[in-house]
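Input: a single structure, listed below in structure tokens.
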Amino acid sequence: MRPVVVHADGASRGNPGDAAGGAVVIAEDGQVVAELGVLCGVASNNVAEYRGMIEALRLLRRWETDQPVDVRLDSKLVVEQMSGRWKVKHPDMRDLVREAHEVIGPMSVTFQWVPRADNTLADAAANRALDERRDYLVVRGQETEL
């Protein structure tokens, strides 16, 4: 079974500054099935990247997918922390890692670093949330509640 792919990114205007996380969910046929953006208040880009990833994983849990999930991020910090290879020193990050693992629950999830150039859809989702100053979710072309 091929994995569902989640690209997640964070945008912070000031770092820390006004921030939002964004993510896209891509089905095994390569089609984007969901796009979301979530405002994070004043935060770093890494905190925002965590928020985008967590909301995408939360969406997949609601959909009760049994497919494996491949999360692709351009933050090496987030990838290494979620993979358990790097210690999580900052208390805010510890809370985000804990929340992410709680959301993952029984799902089979892997984390992969990708270059920023390969993460443009998630970056655009985060920036859309910042530009529009709101959380949003689009599923199969239809805007719905996040």
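Near the amide H of A34, within less than 5 Å, lie the amide hydrogens of V25, R140, all on another chain or at least 5 residues away, with H placed in the peptide plane. Only helical runs count toward this figure. For the chain, summing -39,500 (n - 2.57) over DSSP H runs of n ≥ 4 and dividing by all residues gives -11500 deg cm²/dmol at 222 nm.
Using r as the Cβ-Cβ distance of R140 and K76, and R0 as 30 Å, what FRET efficiency do you calculate, to the nearest 0.05?
FRET efficiency, R140 to K76: 0.40.
Given the choices [x] 1.22; [y] 1.06; [z] 0.94, Rg/Rh (Cα atoms, Kirkwood Rh) derived from the coordinates of this structure is entry [z].
Distance between the pseudo-spin-label points of T120 and W63 (7 Å out from Cα toward the beta carbon): 2.3 nm.
3J(HN,Hα) along the stretch 134-146, derived from phi through the Karplus expression 6.51 cos²θ - 1.76 cosθ + 1.60 where θ = phi - 60°, amounts to 7, 6, 8, 9, 10, 10, 6, x, 10, 6, 8, 6, 7 Hz, with x in place of Gly and Pro. Grab the other residues whose beta carbon is less than 14 angstrom from that of V114, score K and R as +1, D and E as -1, and report the net. Overall, the nearby charge balance is -4. Each residue of the stretch 63-72 is assigned a 3J(HN,Hα), and the resulting list reads 6, 6, 6, 9, 6, x, 10, 10, 8, 10 Hz, derived from the Karplus form 6.51 cos²θ - 1.76 cosθ + 1.60 (θ = phi - 60°), x at Gly and Pro.
Read-outs: derived from the displayed coordinates by stated rules, not from any lab. Everything numeric here is computed off the predicted structure, so don't read it as measured data. In this analysis, Cβ positions are derived from the backbone assuming ideal geometry, glycine residues included, and neighbour counts consider all displayed protein chains.
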